[in-house]
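J.: A single structure is presented below for examination.
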Amino acid sequence: MTDRTGSARQDDEARPVAPESAGVPTPAAGTPGPDDAPVSAGARLDAALLGGPRTLSMRDLAERAGVDVELVRLYWRTLGLPHPDADDAAFTVRDAEALGSAAALLREELVSGRTMISLTRALGHTSDRLALWQVEALVEDVATRRGLDDPAARRAVLDELPVLAPVLEAQLLHSYRRHLASIASRYAVEFAAGQERDGDPAALPLARAVGFADMVSFTRRTAGLGSTDLSDFVQRFETIARDVVTQGGGRVVKTIGDAVLFVADDVRTGARVALELARVLGGELDVEREKGAGGLAEGARGVTPVRVGVVWGRVLSRFGDVFGPSVNIAARLTDVADPSTVLTDPATARLLVDVPGLVLEPLPERELEGIGALAPVRVRTA
C-alpha cells in the first residue's frame, strides 16, 4: 500500500503540465510588480510560503484537477482553511498541485473518498496546531532575546518567516518520515505474517497499556502567573512528561493542558512509565507543606506532582487518539489517586503480580464516575 501510494504520487508529479494549466512564474521576494510599485508584505509572504501569487479560483482548481467545485470546497474545508467564493482568485499553483495529487489518489482508487477526507482533516488539524505552536515560540524567542514588546516581536517574526520557513518545512518532513517508519516497524513486529489475534474477533484491535498523568491542583498552581511564566510552566510539564514517556519505551498520544495520555505496547512498560512519571514529576515533594505554602514554590523548580492511572486493555486507534474502556478507567483512576501515586485496576494488577521490583497494594472499593464500583490497586516500586 505504501509503495503503491508513493508511486502514484511520483507519477502524478512527473506528468507534464498542459499548456492551459501552466503555472504563473513565481516572482522573487521583493521583486517589483508590473507597474514598478513596491511589493506588499502580503505578496512577499505569498511568494515565500505559497510559491507565488494567488491567481487561481476554486473553479480553476476544479478544472485542473478534473473534479467538481464541491469536492474542492470539501477539500479546503477539511484542511480547516477559509474557503472563498468559487470565482475569487485566492489560490496558487501549489494549491492546484496539492489538490491534483489528492484527486489522483481517488481516481486510481488507492483510497476511498471517506478516507481521503480523514487524511486531509488530519493534515489540517495537525498543521494548524503545529504552525501556531512554532510561530508563537518564535515570537516569544524574539521578544525575549531582543527585548521587544509583543506587537514588535510579531512583526519581526513576519520579516524572518521567508528565511525560517524552508528550514521548518524540511524538519517537518524529516520528523514525519521518521515517525511513519517507527509506526511501520512496530506493526511489522506486532502483526507479523501469519500471526492471528486470539480471542473475540469483534474486540477492539490493539492491546495496549494506557496511562493518564494528571497534574495536581493546576488551577491553584498557575493562578496569578503572567503569560511568560504560565507558558514556561506548561511547557516544562509537557517536556518532562514527553521525555519520561519516550525514554521509558512508551508513546505520548496527546497532552491536554494539565494532563498527558500515553500508551505502551506491553503492560510492564506501561507500569514502569507510570511510576517514572510519578517519581520525576514531584515524587519527592512534601505535598502538605506545599499546600500550606501556596503551592507555587515548587513550580519554579520544575516540580509538578501528578496522579497517574494505568490500565491494560484493547483500544481503537483513530484520529491520532485512542478509545476504549481501558482509556476511560485510566482517566477515572486519576480522580481518586493521591498525588505522586499510580493506580491500576484489578485485571491489570494480576498481570503485574510477578514483575520484579513492583509492589501491588489493593485499596478499598471506590465509585468511579461513569465506570461504577472498582477496587483500585496501588502500584509502587519495592
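J.: Consider the range 119-130. How many of its residues are under 12 Å from the mean Cα position of the chain (by Cα) and either not β-branched (Val, Ile, Thr) or not in a helix (DSSP H, G or I) (or both)?
T.: The number of residues fulfilling the criteria is 8.
J.: Same structure, new question: Could you list, in sequence order, all residues of the range 159-176 that are open to solvent by less than 100 Å² (accessible area, probe 1.4 Å) and farther than 15 Å from Ala137 by Cβ?
T.: Pro162, Pro166, Ala170, Leu173, Ser175
J.: Another question, if that's okay. Evaluate the following for Leu50: is it surrounded by fewer than 19 Cβ atoms within 10 Å (Cβ to Cβ) and touching a Pro at 6+ places or on another chain (Cβ under 8 Å)?
T.: It is false that Leu50 is surrounded by fewer than 19 Cβ atoms within 10 Å (Cβ to Cβ) and touching a Pro at 6+ places or on another chain (Cβ under 8 Å).
J.: Could you list all residues from the range 333-348 that are assigned to a helix (DSSP H, G or I) and surrounded by fewer than 23 Cβ atoms within 10 Å (Cβ to Cβ)?
T.: Thr334, Asp335, Val336, Pro346, Ala347
J.: Is it the case that Gly250 is in contact with a strand residue (DSSP E or B) (Cβ under 7 Å, 6 or more places away or on another chain) and not charged (D, E, K, R)?
T.: Yes.
J.: Out of all the residues in the range 127-158, which are hydroxyl-bearing (Ser, Thr, Tyr) and surrounded by 14 or more Cβ atoms within 10 Å (Cβ to Cβ)?
T.: Ser127, the sole residue that qualifies.
J.: Residues in the range 57-67: is at least one of a type outside the set (S, T, N, Q), open to solvent by 50 Å² or more (accessible area, probe 1.4 Å), part of a loop (DSSP other than H, G, I, E, B) and closer than 26 Å to Leu168 by Cα?
T.: Within the range 57-67, not a single residue is of a type outside the set (S, T, N, Q), open to solvent by 50 Å² or more (accessible area, probe 1.4 Å), part of a loop (DSSP other than H, G, I, E, B) and closer than 26 Å to Leu168 by Cα.
J.: Would you check which residues across the range 349-382 are out of contact with any strand residue (DSSP E or B) (no Cβ under 9 Å at 6 or more places or on another chain), among the small types (Gly, Ala, Ser) and assigned to a loop (DSSP other than H, G, I, E, B) and list them?
T.: Once the filter is applied, which keeps residues that are out of contact with any strand residue (DSSP E or B) (no Cβ under 9 Å at 6 or more places or on another chain), among the small types (Gly, Ala, Ser) and assigned to a loop (DSSP other than H, G, I, E, B), the range 349-382 yields only Gly370.
J.: A further question follows. Scan the range 196-215 and tell me whether some residue there is out of contact with any helix residue (DSSP H, G or I) (no Cβ under 7 Å at 6 or more places or on another chain), open to solvent by 40 Å² or more (accessible area, probe 1.4 Å) and either farther than 30 Å from Gly324 by Cα or of a type in the set (Ser, Thr, Tyr) (or both).
T.: For the range 196-215, residues out of contact with any helix residue (DSSP H, G or I) (no Cβ under 7 Å at 6 or more places or on another chain), open to solvent by 40 Å² or more (accessible area, probe 1.4 Å) and either farther than 30 Å from Gly324 by Cα or of a type in the set (Ser, Thr, Tyr) (or both): absent.
J.: Another question about this same structure. Go through the range 247-266 and give me each residue that's β-branched (Val, Ile, Thr) and at pLDDT 90 or above.
T.: Val252, Val253, Val260, Val263, listed by residue number.
J.: Moving on to the next point. Quick check, is Arg208 modelled with pLDDT of 90 or more and assigned to a strand (DSSP E or B)?
T.: In short, yes.
J.: Also: Taking the range 237-263 as the region of interest, how many residues are closer than 18 Å to Pro339 by Cα, charged (D, E, K, R) and open to solvent by 30 Å² or more (accessible area, probe 1.4 Å)?
T.: The qualifying residues number 1.
The values are calculated or read from the model by the stated rules, or taken from the named source; none is laboratory data. None of the values given here were measured: they were computed from a predicted structure. Please note: Cβ atoms are built from the backbone with ideal geometry, for glycine as well, and neighbour counts cover all protein chains shown. Keep in mind that these areas ignore ligands, DNA and RNA; they rest on the heavy atoms of the full protein, side chains included. Shrake-Rupley method; radii C 1.70, N 1.55, O 1.52, S 1.80 Å.
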